[in-house]
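All remarks here apply to the structure that follows.
The values are calculated or read from the model by the stated rules, or taken from the named source; none is laboratory data. Since the model is a prediction, treat every value here as computed from it, not as a measurement. Cβ atoms come from the backbone with ideal geometry, glycine included; neighbour counts cover every protein chain shown. Each accessible area value is taken on the protein alone, full model and side chains, heavy atoms only, with ligands, DNA and RNA left out. Shrake-Rupley method; radii C 1.70, N 1.55, O 1.52, S 1.80 Å.
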Amino acid sequence: MVRRDNAPILSLPVPIFSLLLSLALFVAAFAVAPLGQASNPTRTLHGTTLANSSGVPGYLEVGSDGSMYSFSTPNLGGMGGKPLNQPIVGMAATPNGLGYWEVASDGGIFTFGAAAFYGSMGGQSIPAPVVAMASTLVTSLVAPGATGYDISNWQCGGYPPQAPLYVVEVTGWPYSQTTPTQCLQSEVSWGGPQTQFYIFMGDVNPIPSGAPVAPSCPSGLTSIDCSGWQNGYSQAAYAYNISQNAAVHSSVWWLDVETSANSWSSSQSENYQAILGAMAALKSRGILVGVYSTYKQWPEIAGTGSALPSGTPIWVADWNTSNPSAACGQAIPFGGGFLAQVQTLPTNFDNDVSC
């Protein structure tokens with residue numbers, strides 16, 4: 001999105017998506033013919049539906065020790081025979097049926113097959129034991145075809161008409177509260193509870209004093225790439241703290257990844273790690289994180305072949321169309337993410353459509 005002042009170029013749309021839940025269900029509740037049962041009837045069992053790779057429906061049972069029992073579906077292993085701090089109390093399959101998670105009563109998560117790890121409550125203080133879990137597949141937070149707007153800090157007070165899809169800016173430059181607190185509160189009040197947030201990303205060094213301290217880098221990173229990861233983590237945490245201090249909240253945040261003078265390092269791998277670090281910071285706070293960019297700018301910033309984590313929603317800027325009904329079909333994805341929203345030709349405001 002192009003800024004309409006002399007500040008750096010930036011624009012974001014926020015995909016607003018609907019959650020499709022794959023619930024962890026007791027096997028007894030399945031409305032299907034029995035496929036068998038575990039031979040040990042004394043074991044506490046919990047189950048979930050799981051489609052195998054051939055598309056044939058089946059299910060799994062999991063014991064309190066983490067042992068897995070499969071019926072007409074692949075058994076990808078379990079925690080049976082391995083040390084556990086607390087017993088397993090539930091499981092859930094990935095939406096594509098190629099993996100699953102086990103969860104312990106202390107919130108610890110164990111992954112198998114294609115299931116990815118997104119964090120857990122294991123090792124943290126929780127008021128009551130975990131008793132179940134569910135897997136989710138995010139496609140859109142609003143109905144496909146729904147339209148709306150994204151607004152920047154410089155548009156405070158001049159809002160477009162109410163619409164189902166809204167995204168507002170928290171920071172318009174790394175480590176810079178370009179949206180005053182009262183303005184941010186006003187924008188969120190205008191957008192309502194479905195409002196999404198975005199931050200303008202970069203890899204500006206060094207990390208300012210007083211900025212949130214990033215944790216240790218993932219193993220295997222070079223010192224330069226580690227610097228990028230920690231930089232991204234800190235600036236995302238900085239933006240998150242702004243929202244907390246303003247008492248505004250959103251479960252969906254976008255990273256605005258676009259070319260702009262002096263906002264990125266000359267090292268594409270360092271930039272890529274900065275993006276991953278920012279995602280890690282927000283995910284650790286229970287936030288769904290997406291990326292806004294274009295198929296041209298993404299490789300220029302992050303490098304050719306750099307891939308986003310599996311399941312990352314993307315918001316594509318495509319100003320070649322003013323027709324929302326055609327935007328999702330012609331937008332070119334980037335980074336391997338799934339297309340959730342498209343920013344179309346702006347009028348007085350940036351226009352967006354959910355895909």
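Residues that are under 19 Å from the mean Cα position of the chain (by Cα) and surrounded by 17 or more Cβ atoms within 10 Å (Cβ to Cβ) were ranked within segment 112-131; the one that is modelled with the lowest pLDDT is A115. Scanning segment 292-313 for residues that are buried (at least 19 other Cβ atoms within 10 Å of the Cβ) and out of contact with any Pro (no Cβ under 6 Å at 6 or more places or on another chain) returns Y292, S293, T294, W298, I301, A302, S306, L308, T312.
Looking across segment 292-341, the residues that are over 17 Å from the mean Cα position of the chain (by Cα) and in contact (Cβ under 8 Å) with a residue 60 or more places away in the chain come down to A317, P324, S325, C328.
For segment 268-291, the criterion of a residue being touching a residue at least 60 places away in the same chain (Cβ under 8 Å), surrounded by 20 or more Cβ atoms within 10 Å (Cβ to Cβ) and hydroxyl-bearing (S, T, Y) is satisfied by no position. Y240 meets all of the listed conditions (1) within 30 Å of W190 (Cβ to Cβ); (2) open to solvent by 40 Å² or more (accessible area, probe 1.4 Å); (3) in a loop (DSSP other than H, G, I, E, B) but one, namely (3).
Is there a residue in segment 318-326 that is aromatic (F, W, Y), open to solvent by less than 70 Å² (accessible area, probe 1.4 Å) and touching a Ser or Thr at 6+ places or on another chain (Cβ under 8 Å)? No, segment 318-326 contains no residue that is aromatic (F, W, Y), open to solvent by less than 70 Å² (accessible area, probe 1.4 Å) and touching a Ser or Thr at 6+ places or on another chain (Cβ under 8 Å).
Do the conditions hold for S219, that is, is it at pLDDT 90 or above, under 30 Å from Q341 (Cα atoms) and among the polar types (S, T, N, Q)? So S219 fails the test.
With the structure loaded, tell me whether P160 is out of contact with any helix residue (DSSP H, G or I) (no Cβ under 8 Å at 6 or more places or on another chain), open to solvent by less than 40 Å² (accessible area, probe 1.4 Å) and at pLDDT 80 or above or whether it fails that test. Yes, satisfied.
Can you pull out the residues in segment 287-319 that are modelled with pLDDT under 90 and touching a strand residue (DSSP E or B) at 6+ places or on another chain (Cβ under 9 Å)? Across segment 287-319, the qualifying residues are I287, L288, G311, D318, W319. Kindly evaluate S216 against the criterion of being without any contact (Cβ under 8 Å) to a residue 24 or more places away in the chain, over 19 Å from the mean Cα position of the chain (by Cα) and surrounded by fewer than 18 Cβ atoms within 10 Å (Cβ to Cβ). Judged against the criteria, S216 is a match.
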